[in-house]
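Asker: My structure is below; once you've seen it, I'll send some questions.
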Amino acid sequence: MRIRAGYSITYDCPAPVAMLLTLSVHPSRRDDLETPDWVRTDPIVDVRQYIDTFGNICSRVAAPAGRFTVSADFVIRDSGVADDYAPDAEQVDVRDLPDDVILFLLGSRYCETDRLSDLAWALFGSSPMGWGRVQAICDYVHNHIQFDYQQASRTRGAHEAQIERQGVCRDYAHLAIAFCRCMNIPARYCTGYLGDIGVPVVGVMDFSAWFEVYLSGRWYAFDARNNRPRIGRVLIARGRDATDVAIANTFGDAMLVDFQVISEELPET
């Protein structure tokens, strides 16, 4: 399957401002690119990239004063296979987890395990361990939160999402991640493209958030918002939560004036 993906994000900057962008396709998917996903800027400025501590590609730019646009438009190949389904995947005892996985058991900025631990054990303590427990968490979060794009908040964490029962895909992911960590299941936040491929079109395209859990010695993708296997995920970045994978950090005034994302299936050539 071939997917065309990309974005165009425009800011008004009253003065020059440094920006840190996490918008490039993850290194694990680079070999699938048919065309480069270069970060383009208008006006043209230098783009310097590096790999962060989580293995994501980050771009540093210095935006000049005035209107500034960053964009990309590329084609990537995908297997067309839905998310892995492994109902027999087992939970790994904390004592046996790899050192680089332990981090994803700890609380983080948007996943306040200390505030949700008692609730998590009350809700999921009797559920089957492993895959069944993660699915129980996804079922709960999927039914508990009402999706409302108008209620998006950059400051809402998992605990607040649990109380308010509304939010967007990042809120579903944060709450599910927090519950998994409370139950000693490593979970990490993912962001990327997920177009309406193979499902009804549900609204305006945006970047999507989902999460991965560590079971039976490997990571599996779960999606509490959609709560069903999907095809066509294109990973951009992974981290502890949205703090680590923000699409843009601006170190000064920059007003967002336009935001467009595309992810659509292309015919085979």
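Asker: Going residue by residue through the stretch 97-107, is there one that turns out to be of a type in the set (Val, Ile, Thr), surrounded by 12 or more Cβ atoms within 10 Å (Cβ to Cβ) and closer than 22 Å to ILE163 by Cα?
Answerer: no
Asker: If you scan the stretch 222-269, which residues turn out to be assigned to a strand (DSSP E or B), in contact with a Phe, Trp or Tyr (Cβ under 6 Å, 6 or more places away or on another chain) and closer than 25 Å to ASP139 by Cα?
Answerer: Scanning the stretch 222-269 gives PHE222, VAL234, ARG238, GLY239.
Asker: Just one of (1) out of contact with any His (no Cβ under 8 Å at 6 or more places or on another chain); (2) touching a residue at least 40 places away in the same chain (Cβ under 8 Å); (3) crowded, with 16+ Cβ neighbours inside 10 Å; (4) over 30 Å from GLY132 (Cβ atoms) trips up CYS58, so point out which.
Answerer: (2)
Asker: Do the conditions hold for TYR189, that is, is it under 30 Å from ALA72 (Cα atoms), touching an Asp or Glu at 6+ places or on another chain (Cβ under 8 Å) and not small (Gly, Ala, Ser)? Full working, then the answer.
Answerer: On the way: under 30 Å from ALA72 (Cα atoms): yes; touching an Asp or Glu at 6+ places or on another chain (Cβ under 8 Å): yes; not small (Gly, Ala, Ser): yes.
For TYR189, the condition - under 30 Å from ALA72 (Cα atoms), touching an Asp or Glu at 6+ places or on another chain (Cβ under 8 Å) and not small (Gly, Ala, Ser) - is met.
Asker: Continuing with the same structure: I'd like to check something: does the stretch 168-178 contain any residue that is buried (at least 16 other Cβ atoms within 10 Å of the Cβ) and within 24 Å of VAL39 (Cβ to Cβ)?
Answerer: So the first thing to find is which residues in the stretch 168-178 are buried (at least 16 other Cβ atoms within 10 Å of the Cβ), and the list is 168-178.
Okay, now just the ones that are also within 24 Å of VAL39 (Cβ to Cβ), so 169-170.
Yes: the stretch 168-178 contains one or more residues that are buried (at least 16 other Cβ atoms within 10 Å of the Cβ) and within 24 Å of VAL39 (Cβ to Cβ).
Asker: Something else about it: So, in the stretch 254-269, of the ones that are surrounded by fewer than 12 Cβ atoms within 10 Å (Cβ to Cβ) and modelled with pLDDT of 95 or more, which residue ends up farthest from LEU235 (Cα to Cα)? Reasoning before the result, please.
Answerer: Looking only at the stretch 254-269, we keep the residues that are surrounded by fewer than 12 Cβ atoms within 10 Å (Cβ to Cβ), and these are 255-256, 258, 267-269.
Add one more test, that the residue is modelled with pLDDT of 95 or more, and what stays is 255-256, 258.
Working: MET255: 26, LEU256: 24, ASP258: 23 Å.
Out of the qualifying residues, it is MET255.
The rows are residues; the columns are (1) of a type in the set (A, V, I, L, M); (2) in a loop (DSSP other than H, G, I, E, B); (3) closer than 30 Å to GLY217 by Cα.
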site: THR35; (1), (2), (3): no, yes, no
site: ASP46; (1), (2), (3): no, yes, no
site: SER59; (1), (2), (3): no, no, no
site: PHE74; (1), (2), (3): no, no, no
site: ALA89; (1), (2), (3): yes, yes, yes
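Asker: Filter the stretch 14-28 for residues that are in a loop (DSSP other than H, G, I, E, B) and among the small types (Gly, Ala, Ser) and give the result. If you could, list the steps in order and put the result at the bottom.
Answerer: Let us first name the residues in the stretch 14-28 that are in a loop (DSSP other than H, G, I, E, B), namely 14-16, 22-26.
ALA15, SER24, listed by residue number.
Asker: Scan the stretch 3-35 for residues that are of a type in the set (Val, Ile, Thr) and closer than 24 Å to THR269 by Cβ and jot them down.
Answerer: Narrowing the stretch 3-35 to residues of a type in the set (Val, Ile, Thr): 3, 9-10, 17, 22, 25, 35.
Result: ILE3, VAL25, THR35.
The values are calculated or read from the model by the stated rules, or taken from the named source; none is laboratory data. Everything quoted here is computed from the prediction, not taken from an experiment. Don't worry about glycine lacking a Cβ; one is built from the backbone with ideal geometry, like all the others, and counts go over all protein chains shown.
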